Amino acid sequence: MTVLFGRQVILQVGTLDLSDLDVGFKIERATLRAPSVAEIRIYNLAPGTRAQVEQGGTTILHAGYEDPPMIFRGDSRYVWTEPDGPVDFVTVIQARDGGRAYSEARISRSYNPGTPVLQVVRDTIETMGIGRGNLDEFSAAYALRNGSDTFADGYVAHGRASRILNDLLRAAGLRWSVQANNLQIQRGGQPLQTRAVVLSPDSGLLDSPTWNDVGRRTSGRRGVVTAKALIQPGLDPGRRVRIESRLITGDFECRKISYAGETFGEEWSATMELRPLTGT
């Protein structure tokens, strides 16, 4: 049954607060280096407000119940207005989380022998214009695969900053993505070290979770589980999720999540692709 009571949307585009308007959204986020993407639809904006929105800017969207979590923050890439029926209009925003940082930021710096690798990582992040996120959690134990935490012969960082960052983090056995314009780092094969979000029929789980590859196994484990839930805090890429349903119970890592919602429509949910953790 669709739950309309208590739905909340907080939408900011640039300096404009558009939270009281009729809004629809589709958002794709994942633990991938490629930017998360969003399409946000705003209905029947006043002409002056529409003109300001079409100028673009940082787009921030919270959605959920009671204390809605932020499910997207990114740069408006394309904005346009089109008819929606005989008398209405809809303004469409297509945005990317860290899109400019990923595709446009470039770095060209030389480092002396003995430079800490983390210094180059921090400089690259600064060049990309994103926050350090959870980098400090890995700083104390950061080392390249050869065990070194410095560049003995120096280092030249030249080219697209996202490529340099990828090389430096992969060399330490780490994977990364940009979430809400902040760096998110994970050790290979491990979820973020946070408390699991528990999803059951009593805590927002919708329909029945399903194995994508029934009967098939990869590296001794089944493929991935697809699960759908009401939008709620903690449903983010990289997070640990515990499923408690009639057919599937276990601990998983959220690898991909798709949010979809309409302020006054039927849809208001998050659909996740979950990778089983050891023991599931």
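The values are calculated or read from the model by the stated rules, or taken from the named source; none is laboratory data. Everything quoted here is computed from the prediction, not taken from an experiment. Reconstructed Cβ throughout: ideal geometry from the backbone, glycine too, with neighbour counts over all protein chains shown.
At a glance:
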{"read-out": "Candidate set: the range 174-229, residues that are modelled with pLDDT of 80 or more and hydroxyl-bearing (Ser, Thr, Tyr); chosen: the one surrounded by the most Cβ atoms within 10 Å (Cβ to Cβ)", "value": "Ser177"}
{"read-out": "Residue count for the range 242-255, restricted to those that are under 20 Å from Gln184 (Cβ atoms) and either out of contact with any Lys or Arg (no Cβ under 7 Å at 6 or more places or on another chain) or among the acidic types (Asp, Glu) (or both)", "value": "2"}
{"read-out": "Filter pass, Asn166 being more than 30 Å from Ile243 (Cβ to Cβ) and not aliphatic (A, V, I, L, M)", "value": "yes"}
{"read-out": "Residues within the range 22-50 that are touching a residue at least 40 places away in the same chain (Cβ under 8 Å) and assigned to a loop (DSSP other than H, G, I, E, B), tallied", "value": "8"}
{"read-out": "Val92 being without any contact (Cβ under 8 Å) to a residue 60 or more places away in the chain and in contact with a Lys or Arg (Cβ under 6 Å, 6 or more places away or on another chain)", "value": "yes"}
{"read-out": "Conditions (1) over 29 Å from Cys254 (Cα atoms); (2) part of a helix (DSSP H, G or I); (3) polar (S, T, N, Q): number failed by Ser110", "value": "(2)"}
{"read-out": "Looking only at the range 143-170, and only at residues there that are assigned to a loop (DSSP other than H, G, I, E, B) and modelled with pLDDT of 90 or more, the one that is nearest to Ser36 (Cα to Cα)", "value": "Asp149"}
{"read-out": "Matching option when the condition is surrounded by fewer than 17 Cβ atoms within 10 Å (Cβ to Cβ) and either assigned by TED's automatic domain parsing to the domain that holds Gly56 or among the β-branched types (Val, Ile, Thr) (or both), among Arg77, Arg122, Arg106, Arg132", "value": "Arg77"}
